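This report concerns only the one structure given below.
The values are calculated or read from the model by the stated rules, or taken from the named source; none is laboratory data. Bear in mind the structure is a predicted one, so any value in this text is a computation, not a measurement. Methodologically, a virtual Cβ is constructed for each residue, glycine included, from the backbone with ideal geometry; neighbour enumeration extends over all protein chains shown. Keep in mind that these areas ignore ligands, DNA and RNA; they rest on the heavy atoms of the full protein, side chains included. Shrake-Rupley method; radii C 1.70, N 1.55, O 1.52, S 1.80 Å.
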Amino acid sequence: MRRSGVVSALLIANMLMATRFTLTLPFSRSIPPLLITPTSPSLSHLKQFPKSHPCPLWSSSFSFCLHTLRKSTSPFMAASSPNHVIQDNPLLQNFDFPPFDVVEPKHVRPGIRALLIELERELEDLERNVEPSWPKLVEPLEKIVDRLSVVWGMVNHLKAVKDSSELRSAIEDVQAEKVKFQLRLGQSKPIYNAFKAIQESPDWKTLSDARRRIVESQIKEAVLNGVSLEDDKRESFNNIEQELEKLSQKFGENVLDATKKFEKLITDKKEIEGLPATALGLAAQSAVTKGHENATAENGPWVITLDAPSFIAVMQHARNRSLREEIYRAYVSRASSGDLDNTEIINQILKLRLEKAKLLNYNNYAEVSMATKMATVDKAEELLEKLRRASWDPAVQDIEDLKEFSKSQGALEASDLTHWDISFWSERLRESKYDINEEELRPFFSLPKVMDGLFKLANSLFGIEIESADGVAPVWNNDVKFFRVKDSSGSPIAYFYFDPYSRPAEKRQGAWMDEVFARSRVLSRDGTSARLPVAHMVCNQTPPVGNKPSLMTFREVETVFHEFGHALQHMLTKQDEGLVAGIRGIEWDAVELPSQFMENWCYHRETLMGIAKHFETGESLPEEVYLKLVAARTFRAGSLSLRQLKFACVDLELHTKYVPGGPESIYDVDHRVSEKTQVIPPLPEDRFLCSFSHIFAGGYAAGYYSYKWAEVLSADAFSAFEDVGLDNDKAVKETGHKFRETILALGGGKEPLDVFVQFRGREPTPDALLRHNGLLPVEASS
């Protein structure tokens, strides 16, 4: 979903709402990022620089005293706020790290409006004095982009992790003004012409790869932002962009509100028989927050919600089939009725995206999306079909296996398994086949041990040290941790926040990584060394219950590794050109490579055995259990692959062939695509599209295929370590160093295919992915 140009950088702050789950449910190898599946955790990162598509570029290196501003004639605002209000506004202060702890909704309107006045003045100055040179064009442009990204990024991040009606209202009031400035910047002809002049100059070939990439992406982005449109068409284009911004914002709010709105109070423990102790504790904890002060895990009452930890626990473990059905139906119908109905919002979004594509002389919106990606529509569809054919027969067999197993267990529903049975019986079959019970494994995966093992892996592969830096930077919640990253010499090279736990009352679902600050030479704090990158990782895993630490499922472990992969690419960049540093400027369908790559290490013996220590006894995970985990890696791989492919295919179908207002509804399209991507057809009333935030409120529109595209890259990259021998420490370290110096270091400063070839020595193939998933050979009958 991410775009690489200047306006994309600004839009980042709106985004990564996939994320990695923007849901955003956790990005996970085995699950579709964005949607929770009963058998696996979802991902999401809705990322915007990429991050997550959504990935804000917050940076704090700009200090400006707005109380000294001269009167502005900006067409965007009538007047600035009173001087004392601006001086005291935390959004507008000079800071080393964002003051997340003191920003309140009351600061948003005056802060954003004052900022836009100043940035309009700076843009006018740039246009008057622009020259086709780096100091007179790119450097002042980067400062404008970064300044808005910092402030808007702070606000947008707080909306994702600390939502409130007051904050929503404040953002809504200034959003149109912010978008108007973004469009003004993206459609600046003086800036566009200056970039064209650089490209056509005799010095063009002497520029570095990174600088040429910046120039090319700015020219392409300007065209995609309507710089070449005539006045009347540009006005239509701008109106569409404004409306799309509002619709996407509303879509995400409806999903969050619909998720929060549902709660089921249970007083009879028989109704939730089968739920593990952690789920009962969480349900009792939810009940306490709802006013049932004396609720306990043992005696209740219990509150079931549609938040990921609660929903997944019910679908996988509740023996009460009617309860599973009720929760499943509520989940797939979120935001599809009443005041929270997203149906018409989707119709309007698709209509406006098509109109936008036509204005830009494209046939459909998918072509617009692919203009800034590695793939083309044809190449994406070709890959999806190849993977679909490889996945179909194994997925059919998965269902047959569940039917036979459930029948052997005396299940009355064995001959008629449906959606709310699949996760439950999958878990029972997994337990029977591999003797693995995820809930019984939780004590071996405490969050502190998992993070310690993850940091040791990063040290072994990439030569970095990570240490706690709590107290150095303000945080938005007491559960948030702050870390410092150091190189082998002990010098700090980056920082990151980690917000691990689910907070359904105020926090968006999913898992994602976003930028806080990007590495930048121009934005240096001391005038010599580049500004250091700062990131944040956000998850929604099971919080601590009582005096126990957060005890994680193995899928939650995978999710943390995934998001950390995104953070590593942001933090270990060696690009000093801020517009292509870290995850900036990387084509959207390549940005998941490091995140999915890191998930593979969860199955590496030394890594897993290093983190899997019982939180009370210190006992290591038994060797036979490790071997079973590895064996179970391909369990139901066909079904899980097919589910991801369904999301990708319906996304492309809606953005290529679907005609808004035509004979087919969006739900007709969904059901038609499902005929080839779901062994069990969706319910007639299934409305999962109404909560498909990745493509309607995030950055994955006509881009959800990116998960599979990047999965090919990541599996092939990991196979480089397999080739040298995972037990060969010296070779693994050398390969890790090469990975760091290419995939993680080069950022968006080089074509992603060239970066991959530089690391791997050849172009990627899907063979490693199919092998890892147990889906070879590729032939299939469907």
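Each row is one residue, and each column tells you yes or no for (1) modelled with pLDDT of 95 or more; (2) among the aromatic types (Phe, Trp, Tyr); (3) assigned to a helix (DSSP H, G or I); (4) within 23 Å of the chain's Cα centre (by Cα).
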residue	(1), (2), (3), (4)
Ala710	no, no, yes, yes
Glu734	yes, no, yes, no
Arg740	yes, no, yes, yes
Thr765	no, no, no, no
Qualifying residue in region 233-252 (condition: modelled with pLDDT under 95, open to solvent by less than 60 Å² (accessible area, probe 1.4 Å) and closer than 30 Å to His292 by Cβ): yes
Within region 317-342, tally of residues that are closer than 30 Å to Leu244 by Cβ and part of a loop (DSSP other than H, G, I, E, B): 7
Hits in region 251-292 (condition: in contact with a Lys or Arg (Cβ under 8 Å, 6 or more places away or on another chain) and of a type in the set (Ser, Thr, Tyr)): Thr259, Thr278
Residue check for Leu776: more than 26 Å from Arg636 (Cα to Cα) and either open to solvent by 10 Å² or more (accessible area, probe 1.4 Å) or polar (S, T, N, Q) (or both): no
Selection status of Tyr667, modelled with pLDDT of 95 or more, within 22 Å of Asn347 (Cα to Cα) and either basic (Lys, Arg) or part of a helix (DSSP H, G or I) (or both): yes
Residue within region 303-316 that is in contact with a strand residue (DSSP E or B) (Cβ under 9 Å, 6 or more places away or on another chain), open to solvent by less than 20 Å² (accessible area, probe 1.4 Å) and either more than 18 Å from Pro504 (Cβ to Cβ) or assigned to a loop (DSSP other than H, G, I, E, B) (or both) present: yes
Yes/no for Ser446 being touching a helix residue (DSSP H, G or I) at 6+ places or on another chain (Cβ under 8 Å) and either farther than 19 Å from Phe100 by Cβ or among the hydrophobic types (A, V, I, L, M, F, W, C) (or both): no
Top-ranked residue in region 176-218 [being of a type in the set (Val, Ile, Thr) and open to solvent by less than 20 Å² (accessible area, probe 1.4 Å); ranked as nearest to the chain's Cα centre (by Cα)]: Val179
Only listed residue being of a type outside the set (Gly, Ala, Ser), touching a Lys or Arg at 6+ places or on another chain (Cβ under 8 Å) and in a helix (DSSP H, G or I), chosen from Leu429, Leu384, Leu441, Leu402: Leu384
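So, of the residues in region 345-381 that are of a type in the set (A, V, I, L, M) and not in a helix (DSSP H, G or I), which turns out to be least open to solvent (accessible area, probe 1.4 Å)?
So the residue we want is Ala375.
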Of residues in region 690-699 being out of contact with any helix residue (DSSP H, G or I) (no Cβ under 6 Å at 6 or more places or on another chain) and among the hydrophobic types (A, V, I, L, M, F, W, C), the one surrounded by the most Cβ atoms within 10 Å (Cβ to Cβ): Phe692
Region 555-573: number of residues that are within 26 Å of Ser286 (Cα to Cα) and open to solvent by less than 10 Å² (accessible area, probe 1.4 Å): 4
Residue that is open to solvent by 40 Å² or more (accessible area, probe 1.4 Å) and in contact with a Phe, Trp or Tyr (Cβ under 6 Å, 6 or more places away or on another chain), where the choices are Lys548, Lys481, Lys486: Lys481
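Considering only region 552-574, how many residues are among the basic types (Lys, Arg) and within 16 Å of Phe444 (Cα to Cα)?
Residues that pass the stated criteria total 1.
Every residue in region 79-92 that is modelled with pLDDT of 90 or more and either more than 16 Å from Leu119 (Cα to Cα) or open to solvent by 70 Å² or more (accessible area, probe 1.4 Å) (or both), please.
Asn89, Pro90
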Residues of region 721-743 that turn out to be open to solvent by less than 10 Å² (accessible area, probe 1.4 Å) and under 22 Å from Gly774 (Cβ atoms), as a count: 1
Enumeration of residues in region 482-526 that are of a type in the set (D, E, K, R) and farther than 24 Å from Arg147 by Cβ: Arg484, Lys486, Asp487, Asp499, Arg503, Glu506, Lys507, Arg508
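Conditions (1) under 18 Å from the mean Cα position of the chain (by Cα); (2) farther than 12 Å from Ala710 by Cα; (3) open to solvent by 10 Å² or more (accessible area, probe 1.4 Å), marked per residue:
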{"residue": "Val591", "(1), (2), (3)": "yes, no, no"}
{"residue": "Glu599", "(1), (2), (3)": "yes, yes, no"}
{"residue": "Arg605", "(1), (2), (3)": "no, yes, yes"}
{"residue": "Ile611", "(1), (2), (3)": "no, yes, no"}
{"residue": "His614", "(1), (2), (3)": "no, yes, yes"}
Any pair with Cβ under 6 angstrom, 6 or more apart, that starts in region 158-172 at a residue that is farther than 10 Å from Glu506 by Cα and ends at one that is surrounded by fewer than 20 Cβ atoms within 10 Å (Cβ to Cβ): Glu166/Pro105; Leu167/Pro105; Ala170/Pro105; Ala170/Arg109
Test for Ala648: is it hydrophobic (A, V, I, L, M, F, W, C), more than 18 Å from Glu556 (Cβ to Cβ) and within 25 Å of the chain's Cα centre (by Cα): yes
